[in-house]
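Every read-out reported here was derived from the displayed coordinates using simple, explicitly stated rules and does not represent laboratory data. Predicted model only: the values in this text are computed from it and were never measured. We place every Cβ from the backbone using ideal geometry, glycine too, and count neighbours over all the protein chains shown.
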Amino acid sequence: MPLPADNAVWPPRDLERVFRKYAEWNAWYSGTVNELRGAYGVYNYLRTSGKPNQMPELRAWNFMGRLANLFWGRPLEYGETRTVLHVPVAADLAQLSSSLLFAEPPEFTVEDKNAQTRLDLMLNSPDVHMLLQEQGESTAAFGGTYWTPQWDLSGDAPDHVWMHGHNANTAVPEFAGSRLKAVTFWTRYDEDRTVYRHLERHEQGAIIHGLYKGDWNNIGARISFDAIPETAHLSNIPGAVYPGDNTCVITVPLNRLHVAYQPNVRPNGEFMGYGNTRWLGRSDYSGIEPTLNAIDETWSSWMADLKAGKSRLFVNSALMKSNGPGRGARFNAEQDVFTMIDGIPDQEAGKNIQSTQFDIRVQEHEQTVYNLVKVALRHNGYSLSSYGEAGDIAQTATEVMDRKTDSELTRDKKKRYASAALNYMGSVMLELDSIVYPGQGSKPGLDVASEFPETSQEDPLRTAQIIQMLDAASSISLQTRVERANPGWTEEQILEEVDRIKAETPNPMTLDIPSTAAFQYAEQPGGLSDDTANGDFQQ
């Protein structure tokens, strides 16, 4: 479909369920109290639904009731205060997922020397490694990421095609079966009560831009790109087509879609049975939102205990000093000497000043949070050791590695989705680069392969133990030992290290014995004499 008509609802109404979940997951990912209150607050839902004056009964089985029953969805009564704290477990999950997948970035290769040089510029670069790490978090939070190629012939940008990532919560996809057919991205700019939305539609053969001026729910009317400075450059792009309705069309000379969608994992239970949205990836937060709420509720309860557990003094009124009529009284806790109080039979200080301090349930709260975090990790296939927690019992190295296996299996699963999307994007970029920058080495029709490291982060101690065992069994060469110990080294570095080790290792002392007969002779009664070292054998 083309860009949306003026005054349309945006995002489209048929994707309301999807973007409601995106808003919820974005609140957990950002981790701000205002975002969480906004995502779960009943009054916020009433405001955005257009029914600010209606307060339906909060039944447990309806949407409003489910929000209100969660920690962040409970409305405050008039005059009520509540201790609320957030534990960034959701953000930690996104970082863990990205680190497992991209902490050691993949290497992209192609079977063409000149094209490989261009591919190194486009994908095997520090900028792309950082981009993969950043979008890796977004992929885990929102269930997927979209990759697109970009280029700029103005002379102010690199002289090659580069890759750009788009978050799933700002994309409206269109699927043909399980295949992505088109997608529309948007960027929002707020100015008081006015909302500007820049829409960027990608379909086979074209990129279509449009700028709309509307409000929170209504996309409004399409206006000139010069209306805001962020889109002014779109009003005059060399080679672009302007149909005359404030639209910019950029031709993409490819016979396939130039966008790749990378799901986090599938299947997606949240959107099953809701049309083509079933092909969207599954967020790491999907299904554990109540668990994340419970973690924050427990943490907040712990802080409430700390506040209630402060020591309070109950002081006899006779010890108080008046501040004057209507101004109350005060007690100086730092005063060294107090005079005797007339009229009180018992002058013991303990009778006149008493303290009260409630228990702080540290162990109960800590154990509850610990077990809730385990639930969140187990749901996503992560181990506690990968999260940085070893548990409350001692573990052997083998047990730790067994627990890390869960995270590695999850990494392997996510790696397959990432590899398929990135390989496709690499092939698209090479083809597009050959057209936009001809004669630089890129070619169409080349397949790109990506190689991820075997493990996200190899344990150095375990690697050393494996090398030592293989060496003791005479099952590994010196060069292979150096390669296993330093997986990131080049072949030249490895050979240099082998030469250094050989130079520093003394030759083993050997005996110049002409045959094995001497050893057989030595086993006879009497053995070898002390003159053996001189080569003389005596009985």
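Would you order Met303, Met429 from fewest to most other beta-carbon atoms within 10 Å of each residue's own beta-carbon? Working shown, then result.
Values: Met303 13, Met429 28.
So the residues, fewest neighbours to most, are Met303, Met429.
If I model a spin label as a point 7 Å beyond the Cα along the Cα-Cβ vector, how far apart are those points for Glu134 and Glu174 in nm?
So the label points at Glu134 and Glu174 sit 2.9 nm apart.
Got a sec? Charge dipole of the range 221-282, +1 on Cβ for Lys and Arg, -1 for Asp and Glu; which of Val252, Gly239, Gly273 is way out at the positive end?
Result: Gly273, furthest along the dipole toward the positive end.
Hey, fewest Cβ within 10 Å first, where do His233, His258, His129 land in order?
Values: His233 12, His258 22, His129 16.
Ordered from fewest to most neighbouring Cβ atoms within 10 Å, His233, His258, His129 come out as His233, His129, His258.
Gap in Å between the Cα centre of the range 86-110 and the Cα centre of the range 266-303?
That distance is 18 Å.
Quick check on packing: order 26-34, 236-244 by the mean number of other C-beta atoms within 10 Å, highest mean leading.
Values: 26-34: 17.8, 236-244: 11.0.
Top to bottom by mean Cβ count within 10 Å: 26-34, 236-244.
Between Thr251 and Glu107, take the C-beta separation as r, use R0 = 35 Å, and let me know the FRET efficiency to the nearest 0.05. List each step's numbers first, then the result.
On the way: r = 32 Å, r/R0 = 0.92.
After rounding, the FRET efficiency stands at 0.60.
Where does each of Phe142, Phe175, Phe108 land when they are ranked from fewest to most other beta-carbon atoms within 10 angstrom?
Numbers: Phe142 25, Phe175 17, Phe108 22.
Starting with the residue having the fewest Cβ neighbours, the order is Phe175, Phe108, Phe142.
In nanometres, what is the gap between the two model label sites at Glu491 and Glu454, each 7 Å from Cα along Cα-to-Cβ?
1.9
Would you mind checking the pairs Lys181/Lys374; Lys113/Lys181; Lys307/Lys374; Lys181/Lys413 and listing those with alpha carbons more than 30 angstrom apart? Working shown, then result.
Values: Lys181/Lys374 39 Å; Lys113/Lys181 32 Å; Lys307/Lys374 27 Å; Lys181/Lys413 24 Å.
Over 30 Å Cα-Cα: Lys181/Lys374; Lys113/Lys181.
Distance in nm between label sites at Asp159 and Lys443, each 7 Å beyond Cα in the beta-carbon direction?
2.2
Could you calculate the contour length gain from Arg17 to Ala420, that is, 0.36 nm times the residue separation minus the distance between their Cα atoms, to one decimal place in nm? Intermediate results must be reported in sequence, preceding the final value.
Values: separation 403, 0.36 × 403 = 145.08 nm, distance 2.76 nm.
Gain on stretching Arg17 to Ala420: 142.3 nm.
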